[in-house]
Amino acid sequence: MSSSFSHGTSLALPMAIAHRGLSAYAPENTLSAIRAAHEAGHQWVELDVQLLKDGTPVIWHDASVNRCSDGRGRLRNLDLAAARALDVGSWFSARFAGERMATLEEALALIDSLGMGLNLELKLSPGHDTRALVEKVVPMAVGALPVGRLILSSFDPQALRMSRERDGKVMIGLLYDAIPDDWEALAEDVKAVTVHADWRALTRVAASRVTATQRKLLCYTPNDAAAFSPRWAWGVSAVISDDPGIFSEQDLAQSPCTERTLS
């Protein structure tokens with residue numbers, strides 16, 4: 001392990017993190033999904049952040065608003081007033097009718113008030129400005145949550161490098177579909193604490209290379225505990241799941257990682 005990597009080894013994670021909030025039971029990436037995760041006893045949530053046209057950071061996954069709202073069009077073409085006019089709950093259930101798009105500021109305040117942890121993905125949809133996103137998001141996130149309760153992750157290496165330049169202490173996670181052979185060079189460059197992979201693309205060899213560096217290995221988005229089960233023995237530290245409650249103490253016992261607790 002390189003001497004440049006040290007501060008992340010003490011990161012304490014639950015075995016299961018709620019993906020986009022508790023998105024199996026509430027509309028994804030909303031304040032309701034965060035509250036639902038907390039009410040279900042989950043300690044951490046994963047959320048996505050992007051910028052609106054006016055530079056407001058909002059909690060949203062897609063490049064468009066078509067799938068998860070009653071509107072249509074690209075997110076980057078909306079200002080805050082237009083985004084707030086959308087109903088982002090009814091698509092999921094009538095019970096969430098009238099849910100409004102959450103700003104990053106609102107989400108951070110709620111997470112902090114509930115004492116939760118956050119894996120915040122810096123989402124770069126086509127046409128979005130990487131530096132603008134980093135300059136807006138990183139100071140807000142690190143100012144709202146303590147180091148041990150915040151991970152900034154991204155598929156975009158430039159966003160990760162800029163985040164590290166912006167803050168020397170924030171915990172950074174590398175996001176991949178399948179972990180490439182050269183992942184460690186970027187990990188050393190940005191002093192990454194965690195590596196995140198699509199569980200279906202993870203191999204035992206890739207897992208062993210990550211865990212050998214004492215970085216934590218996270219997998220997204222397993223929603224079948226039995227199908228995922230063999231991977232715990234590969235040293236996976238945590239899963240990011242739409243329904244984290246499906247994972248149990250029995251799953252935890254299969255992993256050689258012992259620093260975690262159940263969510």
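Taken together, the values in this text are just the output of simple stated rules run on the coordinates, not laboratory data. Only a predicted model underlies this, so the values are computations on that prediction, with no experimental measurement involved. Note: ideal-geometry Cβ built from the backbone for every residue, glycine included; neighbour counts use all protein chains shown.
Summary table below
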item: Evaluation of residue 69 against (1) surrounded by fewer than 14 Cβ atoms within 10 Å (Cβ to Cβ); (2) in a loop (DSSP other than H, G, I, E, B) (one fails), failing number; result: (1)
item: Among the candidates 124, 118, 86, residue that is under 22 Å from residue 19 (Cβ atoms), outside any loop (DSSP other than H, G, I, E, B) and touching a residue at least 12 places away in the same chain (Cβ under 8 Å); result: 118
item: Candidate set from the range 29-43 (those that are of a type outside the set (Gly, Ala, Ser) and either in contact with a strand residue (DSSP E or B) (Cβ under 7 Å, 6 or more places away or on another chain) or free of Cβ contacts under 8 Å to residues at least 60 places away in the same chain (or both)); member that is farthest from residue 154 (Cα to Cα); result: 39
item: Residue 104 being in contact (Cβ under 8 Å) with a residue 24 or more places away in the chain and among the aliphatic types (A, V, I, L, M); result: yes
item: Pairs with Cβ under 6 Å, 6+ apart, first in the range 226-243 and within 15 Å of residue 196 (Cβ to Cβ), second assigned to a strand (DSSP E or B) and of a type in the set (Ser, Thr, Tyr); result: 240/220
item: Failed item in (1) in contact with a Lys or Arg (Cβ under 7 Å, 6 or more places away or on another chain); (2) surrounded by fewer than 17 Cβ atoms within 10 Å (Cβ to Cβ); (3) not aliphatic (A, V, I, L, M), with residue 203 passing the rest; result: (1)
item: Residues located in the range 146-160, provided they are surrounded by 17 or more Cβ atoms within 10 Å (Cβ to Cβ) and part of a helix (DSSP H, G or I); result: 149, 159, 160
item: Residue tally, condition closer than 20 Å to residue 144 by Cβ and part of a strand (DSSP E or B), over the range 162-192; result: 3
item: Residue match in the range 222-231 (condition: basic (Lys, Arg) and within 26 Å of residue 55 (Cβ to Cβ)); result: no
item: Criterion (touching a residue at least 12 places away in the same chain (Cβ under 8 Å), more than 30 Å from residue 214 (Cβ to Cβ), surrounded by 14 or more Cβ atoms within 10 Å (Cβ to Cβ) and of a type in the set (Asp, Glu)) met by exactly one of 46, 99; result: 99
